[in-house]
Amino acid sequence: MEDFALVLNAGSSSLKFCVYRRPEEQTWGLEARGQIEGIGTSPHFTVKDGTGVKVADQALAASVRDGDGAIDVLAGWLRQQYGGARVRGVGHRVVHGGPNFAGPVAVTPQVLDELRRLVPLAPLHQPHNLAAIDAVTARLPEVPQVACFDTSFHRGQPEVATVVPLPRDLCRDGVQRYGFHGLSYEYVASVLPTVAPEIAAGRVIVAHLGSGASLCALRGGRSVDSTLSFTALDGLCMGTRPGALDPGVVLYLFQTLGLSPKEVESVLYKKSGLLGISGISNDMRDLLGNTAASAQLAVDYFVYQAAKQIGAMAGALGGVDGLVFTAGIGENSAEIRARICAACAWLGVDLDAGANESRQTRITRPESRVSAWVVPTNEELMIARHTGRLLGLAANA
Ligand code: AMP
């Protein structure tokens, strides 16, 4: 019987998945990659095969209202495609691993209890990540599952980069800077020796610019600082999250405007950032194509904060050898890359406009003191590698 392994990345309105397959006596390979988007609004199912050819593209009934419904759709499609195939393991992206999980972990009821306690630290992501684990447990109780955390990659950072400067007794129960997007950074760090060997062992700033956005300072491939911290609200301006914010603003929302904790949470996680400034959209594509002054201000602020905080990360590293762009905006928007690189000219970034426009891997001129690169991320592959290793599946994906 053929073996299968699944990777699930469950968000608030989307379920991304990868299917890995091992034909009898052979090696693991990517069989399919897909997503269900628009869960709760206008759900849509797309799948590409391992070579990138679209094999499914269909609108789903509006009755797919939540993650559980999305898992049912995926399970139905898997049954139809692969019949009675055996699922050997499921790897999940889980955003917050808290103080106790410094690496991927096999899911047990005790682990789940601990992860549920972290929901307040990642209310936008963690409940959906855990709901996917519950949904798989309900359908495939015998199949081992692995939780892979966005925080783990940062756990070796020096104490000075992780401390939260509040009274110690308030910080006792894990109030510290964790950092996120770790699966993305870990993947990028793992491929740098191949795609950008001249900087891989040096001081590198990786800019993960997607709907969530952050920077990671790498020294020799290890995380030494990051702009996201205790929660996924800090640092850069994001699609709906503000990034770095004077905590006095939060006090003002409570004390003067009289907002409730739930309202403040909603402002900070769902209504701020690009959406808040523009009042138009959280999607960078919409804003770049919009001439409204508020749309332009949102883009300007995004670029300004990215460049400013790249300066801070360079300070943390004591200099910089390379700058790497990844994720939705970083990989696809030549304009945003060009604007950030222009703002980092003082650091020694000398952009090659043609290479940037045509999305070469290296986008700076040969003589540029600091080189800049575009490296597509692959968080799902990182989860597959961890899951394979932990479950002894010899995943060579
Ligand atoms: P991610 O969270 O990594 O999927 O990235 C989502 C973000 O990438 C959204 O803000 C999209 O607008 C943005 N994005 C995707 N493609 C482009 C593009 N060609 N130009 C600008 N932004 C893009």
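The values are calculated or read from the model by the stated rules, or taken from the named source; none is laboratory data. Not measured: the values here are computed from a predicted model. Note that each Cβ is placed from the backbone with ideal geometry, even for glycine, and that neighbours are counted across all protein chains shown. Remember, those area values only see protein heavy atoms, side chains included, never the ligands or the DNA or RNA. Shrake-Rupley method; radii C 1.70, N 1.55, O 1.52, S 1.80 Å.
Each of Y185, Y301, Y82 has its accessible area taken with a 1.4 Å probe; listed largest first, they run Y301, Y82, Y185. Surface calculation, 1.4 Å probe, protein heavy atoms: D169 sits at approximately 90 Å² accessible. Mind grabbing the accessible area of T41 for me, 1.4 Å probe, Å², rounded to tens? Looks like 110 Å² after rounding.
Mean-square fluctuation check for the chain, GNM, Cα pairs under 10 Å: which of S226, S42, S214 is largest? Among S226, S42, S214, the largest GNM mean-square fluctuation belongs to S42. A simple count of charges around Q255, restricted to other residues whose Cβ falls under 15 Å of its Cβ and scoring Lys, Arg +1 and Asp, Glu -1, yields -2.
Could you work out what % of the accessible surface of the chain is carbon and sulfur, using a 1.4 angstrom probe and leaving DNA, RNA and ligands out of the count? All intermediate terms of the calculation are to be shown ahead of the outcome.
Values: 9280 of 17650 Å².
Roughly 53 percent of what the probe reaches on the chain is carbon or sulfur.
Angle between the Cα long axis of helix 67-82 and the longest principal axis of the chain, 0 to 90 degrees, nearest 10? So the inclination is approximately 50 degrees.
Per-residue 3J(HN,Hα) values for the range 301-307, derived from phi via the Karplus relation 6.51 cos²θ - 1.76 cosθ + 1.60 with θ = phi - 60°, read 5, 4, 5, 4, 5, 4, 5 Hz in sequence order (x marks Gly and Pro). Neighbours of E31, meaning other residues whose beta-carbon lies under 10 angstrom from its beta-carbon, give a summed charge of +1 when Lys and Arg score +1 and Asp and Glu score -1. Treating each Cα of the chain as an identical point scatterer and summing with the Debye formula, the log10 of I(q)/I(0) at q = 0.06, 0.08, 0.15 Å⁻¹ comes to -0.24, -0.43, -1.52. Candidate cross-link partners of K16 among the lysines, defined by an alpha-carbon separation under 20 Å and a same-chain spacing of 8 or more, comprise K48, K54.
Each of D150, D246 has its accessible area taken with a 1.4 Å probe; listed largest first, they run D246, D150. How much net charge surrounds G220 when only other residues with a Cβ under 12 Å from its Cβ are counted (Lys, Arg +1; Asp, Glu -1)? Spelling it out: positives minus negatives among the neighbours equals +2.
Over the range 314-368, the ratio between the Cα radius of gyration and 2.2 N^0.38 Å evaluates to 1.09.
So what is the 222 nm mean residue ellipticity for the chain from helices alone, if each DSSP H run of at least 4 adds -39500 (n - 2.57) and you divide by all residues, rounding to the nearest 500 deg cm²/dmol?
Values: 15 runs with 149 residues, N = 397.
Only helices count here, giving -11000 deg cm²/dmol.
Ligands, DNA and RNA are left out, and with a 1.4 angstrom probe the accessible area of the chain is 44 Å² per residue. Kirkwood's formula applied to the C-alpha pairs of the range 199-345 gives a hydrodynamic radius of 15.8 angstrom. Past the 18 angstrom mark, what percentage of all C-alpha to C-alpha distances in the range 221-300 do you count? So the pairs more than 18 Å apart make up 48 percent of the total in the range 221-300. Note on K270: accessible area approximately 120 square angstrom, rounded to 10, probe 1.4 Å, nucleic acids and ligands left out.
For K270, a cut-off of 19 angstrom between C-alpha atoms picks up these lysines, skipping any fewer than 8 places away in its own chain: K262.
Can you tell me, using C-alpha contacts under 8 Å and at least 6 residues apart, the relative contact order of the range 25-165 as a whole percent? Intermediate values should be presented prior to the final figure.
Numbers: 179 pairs, mean separation 31.5, N = 141.
After rounding, I find 22 percent.
For the chain, the longest principal axis of the Cα atoms and the long axis of helix 126-139 meet at an angle of about 10 degrees. Pick out which of P99, P366, P167 has the largest mean-square fluctuation in a Gaussian network model of the chain, springs linking Cα atoms closer than 10 Å. Checking each option, the largest mean-square fluctuation is seen for P167.
Taking amide H as placed 1.01 Å from N in the peptide plane, the amide H of E2 sits under 5 Å from that of R86, each at least 5 places away or on another chain. Under the convention that each Lys and Arg Cβ holds +1 and each Asp and Glu Cβ holds -1, the size of the dipole of the chain around its Cα centre is about 240 debye.
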